[in-house]
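One structure is given here, and the rest of the page talks about it.
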Amino acid sequence: LAATGRRDVVSVLESYHGWTYGSDAVSTSIADNPNALATRPDWVHPIEAPNPYRGRYRAADAARYAPEAAAAIHELAASGRPPAAFIAETFTGNAGGIPLPDGYLAEVYAAVRAEGGLAIADEVQAGYGRLGEWFWGFEQQGVVPDVVAVAKAMGNGHPLGATVMGAELLEAFGAENMFFNTFAGNPVSSAAGHAVLQVMEDEQLMSRAAANGALLKSELTRELAGNPRIDEVRGDGLFAGMRFTDPDTGEADPTTAKRVVEAMYRNGVLISRVGRNDEVLKIRPPLAFEEKDAVLLIEKLSGVVNSL
């Protein structure tokens, strides 16, 4: 609002951005807010989730999501409600560990900027080296956002987060607002954040995420090949998803996913469910994950799933 003088925001369905009033309003993941779709304010304009696996457009046809999203932004502007911003996860976490189609953010960012809006990247789940090959998810898309939101990984458990933007945007915000946070910018948090970056470099956590993530994906795919309940194993680095379907109907199978989560808990492994119907296992271990940990997870998970 301070930078553009507008309040309309375009967001992506099946996404999660936080629990404050503003971030919850643009979140449409029913796994986090069962009433998300019914309680959405009129200034939030969701567009279709670009799911190349089980969405309306799949595989090569997934390239159609971006121009349709861009067209929706232009239509919103033409209706007299030009968007202040477009916000999206750079790797859709709560939709089930799904990479965005190639070129998606480039086309959508161009559309929102053409209408005078800002491009906001939510890197809370995907950023900080989790994807292995890229430190930020937006790097995989070959774009540079106007605003980047990041948290959680910055402090490795210490409550630390950041919103990154250019000086022009920050000055526009500061000209109209005096933002104050009792705990912001303190030396303890700064030291924690610096230590995390140092450990990431010293222990080569990004390259380890790439190697162990590739091991997880390939071995789980091999171990579960032919299992009629497994739709696919997808993801990049240490951010993967495993989708369950009913072998008789082909429909999403949240019941089996829940049984697997509970069985893994009894086997000493914590894992969660996400996805449109809570039918996807969200595999997102700590970056300190080692090869032996990957082997253990493969053994436990394949054993549980194949025993069903």
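The values are calculated or read from the model by the stated rules, or taken from the named source; none is laboratory data. Since the model is a prediction, treat every value here as computed from it, not as a measurement. So basically every Cβ, Gly included, is an ideal-geometry build from the backbone, and we count neighbours across all protein chains shown. Side chains are part of the model used for accessible areas, which takes the heavy atoms of the whole protein and leaves out ligands, DNA and RNA. Shrake-Rupley method; radii C 1.70, N 1.55, O 1.52, S 1.80 Å.
Among Phe86, Gly137, Ala126, whose Cα sits farthest toward the positive end of the charge dipole of the stretch 64-140 (+1 at Cβ of Lys/Arg, -1 at Cβ of Asp/Glu, about the Cα centre)?
Of the candidates, Phe86 comes out farthest on the positive side.
Can you tell me how the stretch 1-95 classifies by the Cα gyration tensor, rounded, prolate or oblate, using a/c under 1.5 as the rounded cut?
Note, shape of the stretch 1-95 comes out oblate.
Which loop chymotrypsin sites (Phe, Trp or Tyr not before Pro) in the stretch 1-78, with loop taken from DSSP, have no more than 12 other Cβ atoms within 10 angstrom of their Cβ?
Trp19
Run lengths n ≥ 4 of DSSP H only: what is the helix-derived mean residue ellipticity at 222 nm for the chain, with -39500 (n - 2.57) per run over all residues, to the nearest 500?
Calculated at 222 nm, the ellipticity per residue is -11000 deg cm²/dmol.
How large is the accessible surface per residue of the chain, computed with a 1.4 Å probe and reported in Å² as a whole number?
49
Size of the dipole of the stretch 1-92 about the Cα centre, Lys and Arg at +1 and Asp and Glu at -1 on the beta carbon, nothing else charged, in debye to 20?
In total the dipole reaches around 120 debye.
Hey, how much of the P(r) for the stretch 137-272 falls beyond 20 Å, as a percent of Cα pairs?
Roughly 67 percent, once rounded to a whole number.
State the volume of the convex hull built on the alpha-carbon positions of the stretch 99-144, expressed per residue in Å³ and rounded to an integer.
So the per-residue Cα hull volume is 65 Å³.
How large are Rg and Dmax for the stretch 203-249 when calculated on the C-alpha trace, in angstrom?
Computed over the Cα atoms of the stretch 203-249, radius of gyration and Dmax are 12.7, 46 Å.
In the Gaussian network model of the chain, springs joining C-alpha atoms below 10 Å, which of Ser272, Ser11, Ser23 carries the largest mean-square fluctuation?
Ser23
Under the definition of Cα pairs under 8 Å and six or more residues apart, what whole-number percent is the relative contact order of the chain?
In percent, rounded to a whole number, it is 15.
Work out from phi, with θ = phi - 60° and the Karplus expression 6.51 cos²θ - 1.76 cosθ + 1.60, the ³J(HN,Hα) of each residue of the stretch 88-97, listed in order in whole Hz, and give x for Gly and Pro.
In residue order, the calculated couplings are 7, 5, 7, 8, 6, x, 6, 7, x, x Hz.
Per 5 Å bin from zero, what fraction in whole % of the C-alpha pairs of the stretch 220-308 is there, up to the bin with the longest pair?
Here the calculated profile for the stretch 220-308 is 3, 15, 26, 30, 18, 7, 2, 0.
With a ≥ b ≥ c the root eigenvalues of the C-alpha gyration tensor of the stretch 115-182, is it rounded (a/c under 1.5), prolate (a/b larger than b/c) or oblate?
Cα axes put the stretch 115-182 in the oblate bin.
Report the far tail of the P(r) of the stretch 64-195, meaning the percent of Cα-Cα pairs longer than 16 Å.
Of all Cα-Cα distances in the stretch 64-195, 68 percent exceed 16 Å.
Where the centroid of each part is defined by its Cα atoms, how far is the stretch 1-71 from the stretch 230-277 in Å?
So the two Cα centres are separated by 23 Å.
Only four residue types carry charge here, +1 at the Cβ of Lys and Arg and -1 at the Cβ of Asp and Glu. Report the dipole size of the chain about the Cα centre in Debye, rounded to the nearest 20.
Computed charge dipole of the chain: roughly 560 debye.
Would you mind getting the Kirkwood hydrodynamic radius of the chain from its Cα pairs, rounded to one decimal in Å?
Its Kirkwood hydrodynamic radius stands at 20.5 Å.
Taking all protein chains in place and a 1.4 Å probe, what share, in percent, of the accessible surface of the chain do carbon and sulfur account for?
54
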